Amino acid sequence: MNVENLAGNQFTNFALAALTELPSVFIGEYICNRIGRRWSHVLCMAVTTAFFAANTALAKSEDKMRSSKLKYCYAVQVSLGATP
């Protein structure tokens, strides 16, 4: 988590970041119990790919588009376990 670089109180930012992650635990557990770990991972990767593709398509400048593509490629590398 990168709460140190956010504006405002560091402890408040950390608490808010932790609170936003709390529902994801229950949602993730429900999805894993409902459709299994493999398909829940496929679903999360598909949603992430869709949002990255939309972000890249909606980028106004070439610099922002290049940055989005690099972030997407890094996210794919991390999910495949091939971190640089």
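What follows draws every value from the coordinates through simple rules; no lab data is involved. Owing to the predicted nature of the structure, the values given are computational and were not obtained by experimental measurement. Cβ sites come from the backbone with ideal geometry, for glycine too, and all protein chains shown count toward neighbours.
Quick look at the numbers
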{"item": "Rounded FRET efficiency, nearest 0.05, which uses the C-beta distance separating MET45 from SER24 and R0 of 25 Å", "result": "0.95"}
{"item": "In sequence order, calculated HN-Hα J values of the stretch 6-23 (Karplus, 6.51, -1.76, 1.60; Hz; x Gly/Pro)", "result": "7, 6, x, 6, 5, 6, 5, 4, 5, 5, 5, 5, 5, 5, 6, 7, 4, x"}
{"item": "Inter-label distance, nm, simple model (7 Å from Cα along the C-beta direction), ALA17/LEU58", "result": "2.4 nm"}
